[in-house]
Amino acid sequence: MAEIDYEKLAEIELQKDEAADTQAGQEGLFVPPTPEDPELNVNHPYYDVARHGIIQLAGDDSSGRKVITFSCCRMPPSHQLNHTRLLEYLKYTLDQYVENDYTVVYFHYGLKSLNKPSLKWLQTAYKEFDRKYKKNLKALYVVHPTNFIKILWNIFKPLISHKFGKKITYLNYLSDLGEHLKYDQLNIPQEVIRYVANLIDIASLFLRHDENLRRKQKGKLPPVVKVPPPRPPLPTQQFGVSLQYIKDKNKGELIPPVMKETVSYLKSKGEFCSKTKGLQVEGLFRRSASIQTIKAVQKLYNQGKSVNFDDYHDIHIPAVILKTFLRELPQPLLTFECYDHILGITSVESCLRVTRCKQIIQDLPDHNYVVLKYLICFLHMVSQESIYNRMTASSLACVFGLNLVWPSKGTASLSALVPLNLFTELLIDFYTNIFTSRTVPGEVLP
């Protein structure tokens with residue numbers, strides 16, 4: 001029996017995809033995307049690749065894991081892109097996250113004969129991503145897969161472990177992402193949105209026609225769709241409401257109950273348990289937890305019910321709850337107003353950066369300042385146990401940076417991570433220096 005030429009089959013399937021896109025009215029040629037990252041500096045070590053926006057940071061998934069997107073439609077023709085450099089840049093990006101659990105979303109739409117990497121490059125790429133990268137990758141979502149993907153799967157199947165294969169999820173519809181990720185945080189390429197919109201328009205046309213025919217036959221008018229008003233938050237709500245709201249509903253307490261209880265639990269478990277727990281647990285704040293459990297704990301807090309973390313037998317649950325609380329604040333703890341000031345930290349001379357951090361947080365409202373001081377004091381304690389938990393100030397900054405501040409519109413770009421993480425690292429490392437010059441009545445420490 002003749003050996004199957006999978007490479008030739010893959011090329012044929014890719015040509016079929018292109019023909020189908022053309023028939024559906026999609027553009028077949030690469031159109032350079034509008035620059036989406038004004039913070040990207042020409043001195044970036046991978047500026048030649050990064051400027052295309054192929055690889056993006058897209059917030060967090062439902063478990064609080066960082067999400068990286070790879071968009072084929074943003075890849076220029078092969079002669080305009082060094083694929084070796086692309087692989088290096090992908091590793092450079094992932095190196096910032098592989099110590100923590102993370103998720104990857106691959107947007108397949110837009111891969112053409114003109115811009116696709118060679119199969120040899122794909123094989124090299126898979127081998128380059130050793131256990132360091134695969135261990136903490138919790139999910140790989142392939143959006144809009146085609147027969148081309150199936151052919152690739154047959155080619156790489158001998159190389160892919162069963163364990164890694166279980167992490168791959170194929171999504172035929174963009175809306176399916178909402179079940180796994182925070183859809184509003186995803187930086188979905190406009191080309192993908194146009195592709196989906198075109199399919200939806202065609203489908204909607206037929207659906208509307210069918211519905212109108214049915215109603216004409218029955219002599220009924222189209223129903224009036226009533227949109228229910230948004231529900232007001234519960235008096236005991238902790239997640240998704242402002243610090244001021246929580247303070248007003250908790251007799252003026254400055255530190256939100258959920259923050260006080262998670263911090264207290266993590267601290268006490270480190271101090272009073274004979275086994276290694278709490279602050280000494282390796283990878284504290286890096287690991288994710290069951291989505292169902294986190295939602296259940298959130299519900300208890302929002303309903304004003306007591307939470308006993310001992311019942312869950314997982315020290316990472318209070319850690320994830322603390323991160324989730326910060327991430328779901330309507331305005332970040334460091335406020336939108338501070339975002340641009342924080343981005344400028346890298347342009348400040350090294351010897352003046354701590355002073356600049358101090359200046360920036362002096363402008364915070366009293367309440368934000370107190371809560372930030374409480375949190376950073378605790379994270380400073382965690383970093384002091386780094387010989388056991390491996391969580392240095394730098395490691396904690398990678399986890400908490402984007403949970404403390406984000407832009408008022410959209411999500412932070414990859415190039416913004418360096419200053420955001422640096423600022424957070426300085427807060428943790430130089431806590432005693434930065435937070436000594438200001439006191440607020442009623443403030444407490446962990």
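The values are calculated or read from the model by the stated rules, or taken from the named source; none is laboratory data. Quick caveat: nothing in here was measured; it's all calculated off a predicted structure. Note: ideal-geometry Cβ built from the backbone for every residue, glycine included; neighbour counts use all protein chains shown. SASA here: full protein model, heavy atoms, side chains in, ligands and nucleic acids out. Shrake-Rupley method; radii C 1.70, N 1.55, O 1.52, S 1.80 Å.
Converting phi to 3J(HN,Hα) with the Karplus coefficients 6.51, -1.76 and 1.60 and the offset θ = phi - 60°, region 430-446 yields 10, 3, 5, 7, 6, 9, 8, 8, 9, 10, 10, x, x, 6, 10, 10, x Hz in sequence order, with x at every glycine or proline.
Taking the 1.4 Å solvent-accessible surface of region 131-179 as the whole, the part contributed by carbon and sulfur is 53%.
Anisotropy class assigned to region 303-446 is rounded, per the alpha carbon gyration tensor with a/c under the 1.5 cut-off. Accessible area per residue for region 80-191, computed on protein heavy atoms with a 1.4 Å probe, is 50 Å². For the listed peptides 318-328, 137-147, a ranking on the average number of other beta carbons within 10 Å per residue, highest first, reads 318-328, 137-147.
Rolling a 1.4 Å probe across all protein chains gives residue 44 an accessible area of roughly 40 Å². For the peptides 62-70, 333-341, 165-173, the ranking by packing is 62-70, 333-341, 165-173, with the highest mean count of neighbouring Cβ atoms within 10 Å listed first.
At q = 0.11, 0.15 Å⁻¹, what log₁₀ I(q)/I(0) does a Debye calculation on the Cα points of region 44-172 give, no solvent, two decimals? Log10 of I(q)/I(0), two decimals: -0.37, -0.73.
The spacing between region 313-353 and region 89-163, judged by their C-alpha centroids, is 30 Å. For GluC sites (Glu not before Pro), the sites in region 347-446 that DSSP calls loop and that have at most 15 other Cβ atoms within 10 Å are 349. Each peptide in 430-441, 245-256 receives the mean, over its residues, of other Cβ atoms within 10 Å, and ordering these scores from highest gives 245-256, 430-441.
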